[in-house]
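The values are calculated or read from the model by the stated rules, or taken from the named source; none is laboratory data. These numbers come from a predicted model, not from an experiment. Reconstructed Cβ throughout: ideal geometry from the backbone, glycine too, with neighbour counts over all protein chains shown.
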Amino acid sequence: MSDDHAYQAISAYNNTLIETPNIDRIAKEGLLFTNASVTNSICAPSRAVILTGKHSHINGKIDNLSPFDTTNVTFPQLFKEAGYQTAMFGKLHFGNNPIGFDEFKILPEQGDYYNPKFITQKGDTIINGYVTDIITDLTIDWMEKRRDTIKPFLLMYLHKAPHRNWLPAERHYKTYTTKSFPIPTSLFDDYKTREAASKTAEMNILKHMHLGYDNKLTDKTIDELNIDYNGLRNNATNRMTDTQRHSWESIYNPINDAFKAEYPTMNDSTLMVWKYQRYMQDYLGCIAAVDDNVGRLLNYLDDKNLSHNTVVVYTSDQGFYLGEHGWFDKRFMYNESFKTPLLIKWPNKITPGTTEDEMVQNLDFAQTFLEIAGIEAPKDMQGKSLVPLLKGEKEVWDRDAVYYHYYEYPAEHAVKRHYGIATKDYKLIHYYYDVDAWELYDRKKDPNEMNNVYNDENYAEIATKLKDKLNDLRNLYKDSDSLNNYYIQIYKNKGYIK
Ligand code: SGN
Ligand code: CA
């Protein structure tokens, strides 16, 4: 699993941005889900949904801010009880240590790209090098040296990359900083048909992406564009050794010099395009290292003769905006952050090269993994095992809608609280807390979700039906307005809001 890896940046889904041959291999030898989504598009909540098989309002991890409630039952604990060896390496972001693992080495909170600190069962340690390579080294080291080869294993291999602020590995600086990428059709979206939430969100590349922190500018003369960030946040190089910094500067300084020369003549539109290109160069550069390392791990499984009876899953904690709607970041129920990559290989069970367009969610992972391993899933898990879809037994799959609920507001990026329902044809979203506003999208006619048709009378009947269906789902999953108020009250108690 990676962090913030948009499906648009995996060549099995879209080959206009980057080639990811190693990640693609999982789909080539297995199955590619084209309609996989998360129930709450943000890091720790998504991980909590994955581990518990329960929606955020039930497992309690609604946002990145509060620690995970470790009284929840998680699928790795059940694997361990069933005799599996369990290990976790990389990013967890729970505010506490994972339970149910024989071994873990995790990044504290978001973790760092260069020379990162790790929390281990023997205390904290700093490991020199590049985070994506290190997480793979730790993983292979456990597989090689401490795994009992007689027992089955469950391994969680969790990258930090390509999370903000997108620092690639040295070997990818040159290739990626010289590439330029197609401009998304909605880069200059004016959010005209949308409700307030899109207009007030703070994740626009032109307005909210920081030239210093995000685009790695170091020139003091344009510091007014980087208010707060240069001082408050780590800049790209401040964890690097001298050698690492020299190598970084040899590539990034000339880019910055060229930008400084051009900056006085730039307008909003040329600056937007420049920032978008620089964003893509660094973001995709990070993914290049994820792909290299996924290849290393797949090769390791091959070399050790483990591939034939190992299920391999690749996913992300959520999707991400790569300039669509002018944005970076995630959180919204719109496609690019609602959807998440999902590729699964299960030799002799999945027909290689299968594509599946049924609506599946991260909520389903726990029950899927438990069924694959022949372990009984607790009755109160809320997903559905994907095993029938994996085996091509589609007749038994009967889901026609999925539920979504995002909470972290007021907070960074200012995306308002909302919940909604998606069917293959439509998406209905309700923003609440400091607004009461609805949006409706016709997914077939308007796949880029540019036209909110909630107030179009031609859609009145559809909106009514979808509202009923949304209520059904909220009842099914035991979500309610009183739970919304309960979670708002927690923000009040903590002093996040008045
Ligand atoms: C950090 C980032 C945000 C990002 C959140 C959540 N800011 O706070 O841009 O939305 O993480 O990301 S930064 O200045 O610290 O880079 S998540 O993947 O952990 O949910
Ligand atoms: Ca994330």
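General observations
- Residues within the stretch 407-441 that are free of Cβ contacts under 8 Å to residues at least 40 places away in the same chain and either closer than 19 Å to residue 55 by Cβ or within 22 Å of the chain's Cα centre (by Cα) (or both), tallied: 1
- Consider the stretch 1-51 and keep the residues that are among the charged types (D, E, K, R) and in contact with a Ser or Thr (Cβ under 6 Å, 6 or more places away or on another chain). The one that is farthest from residue 68 (Cα to Cα) is 19.
- Failed condition for residue 153, given (1) surrounded by fewer than 18 Cβ atoms within 10 Å (Cβ to Cβ); (2) aromatic (Phe, Trp, Tyr); (3) within 16 Å of ligand 1 (Cβ to nearest atom): (3)
- Qualifying positions in the stretch 93-129 - surrounded by 17 or more Cβ atoms within 10 Å (Cβ to Cβ), within 16 Å of ligand 2 (Cβ to nearest atom) and within 22 Å of residue 74 (Cα to Cα): 93, 94, 106, 107
- Taking the stretch 11-30 as the range and being hydrophobic (A, V, I, L, M, F, W, C) and free of Cβ contacts under 8 Å to residues at least 12 places away in the same chain as the test, no residue passes.
- The lone criterion from (1) under 29 Å from residue 353 (Cα atoms); (2) without any contact (Cβ under 8 Å) to a residue 24 or more places away in the chain; (3) outside the structural domain of residue 62 (by TED's automatic domain parsing) left unmet by residue 387 is number (3).
- All of 61, 80 fail the test of being in the same structural domain as residue 150 (by TED's automatic domain parsing) and within 16 Å of ligand 2 (Cβ to nearest atom), apart from 61.
- For the stretch 169-181, a tally of residues being under 22 Å from the mean Cα position of the chain (by Cα) and in a loop (DSSP other than H, G, I, E, B) returns 2.
- Meets criteria (in contact with a strand residue (DSSP E or B) (Cβ under 6 Å, 6 or more places away or on another chain), closer than 30 Å to residue 429 by Cα and buried (at least 18 other Cβ atoms within 10 Å of the Cβ)) for residue 334: no
- Among the criteria (1) within 30 Å of residue 184 (Cα to Cα); (2) in contact with a helix residue (DSSP H, G or I) (Cβ under 8 Å, 6 or more places away or on another chain); (3) not aliphatic (A, V, I, L, M), the one residue 409 does not fulfil is (2).
For (1) surrounded by 17 or more Cβ atoms within 10 Å (Cβ to Cβ); (2) in the same structural domain as residue 200 (by TED's automatic domain parsing), each residue gets a yes or a no:
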position: 242; (1), (2): no, yes
position: 262; (1), (2): no, yes
position: 295; (1), (2): no, no
position: 304; (1), (2): no, no
position: 315; (1), (2): yes, no
position: 319; (1), (2): yes, no
position: 328; (1), (2): yes, no
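- Any hit, the stretch 220-241, residues being polar (S, T, N, Q), modelled with pLDDT of 95 or more and either closer than 27 Å to residue 6 by Cα or away from ligand 1 (no atom under 16 Å from the Cβ) (or both): yes
- Of note, residue 349 satisfies the criterion of being at pLDDT 95 or above, surrounded by fewer than 21 Cβ atoms within 10 Å (Cβ to Cβ) and in contact with a helix residue (DSSP H, G or I) (Cβ under 9 Å, 6 or more places away or on another chain).
- Reported count of residues in the stretch 66-105, each being in contact with a Gly (Cβ under 6 Å, 6 or more places away or on another chain) and in a helix (DSSP H, G or I), is 3.
- Test: residue in the stretch 183-196 that is within 16 Å of residue 87 (Cβ to Cβ), part of a loop (DSSP other than H, G, I, E, B) and free of Cβ contacts under 8 Å to residues at least 40 places away in the same chain: no
- Filtered residues of the stretch 188-213 (kept if touching a Lys or Arg at 6+ places or on another chain (Cβ under 6 Å) and more than 16 Å from residue 320 (Cα to Cα)): 191, 197, 213
- Residues within the stretch 1-17 that are outside any loop (DSSP other than H, G, I, E, B) and touching a His at 6+ places or on another chain (Cβ under 6 Å), tallied: 1
- Residue count for the stretch 190-217 under the criterion of being within 14 Å of ligand 1 (Cβ to nearest atom) and in contact with a Ser or Thr (Cβ under 9 Å, 6 or more places away or on another chain): the result is 2.
- Exactly one residue out of 464, 423 is modelled with pLDDT of 95 or more and under 29 Å from residue 369 (Cβ atoms), and it is 423.
- Residue ID - nearest to ligand 2 (Cβ to nearest atom), chosen from residues in the stretch 292-317 that are within 16 Å of residue 90 (Cβ to Cβ) and outside any helix (DSSP H, G or I): 317
- Checking each residue in the stretch 18-49 for being of a type in the set (S, T, N, Q), assigned to a loop (DSSP other than H, G, I, E, B) and surrounded by fewer than 23 Cβ atoms within 10 Å (Cβ to Cβ) picks out 34, 35.
- Residues that are of a type in the set (D, E, K, R) and part of a loop (DSSP other than H, G, I, E, B) within the stretch 437-469 comprise 443, 444, 445, 446, 449, 456, listed in sequence order.
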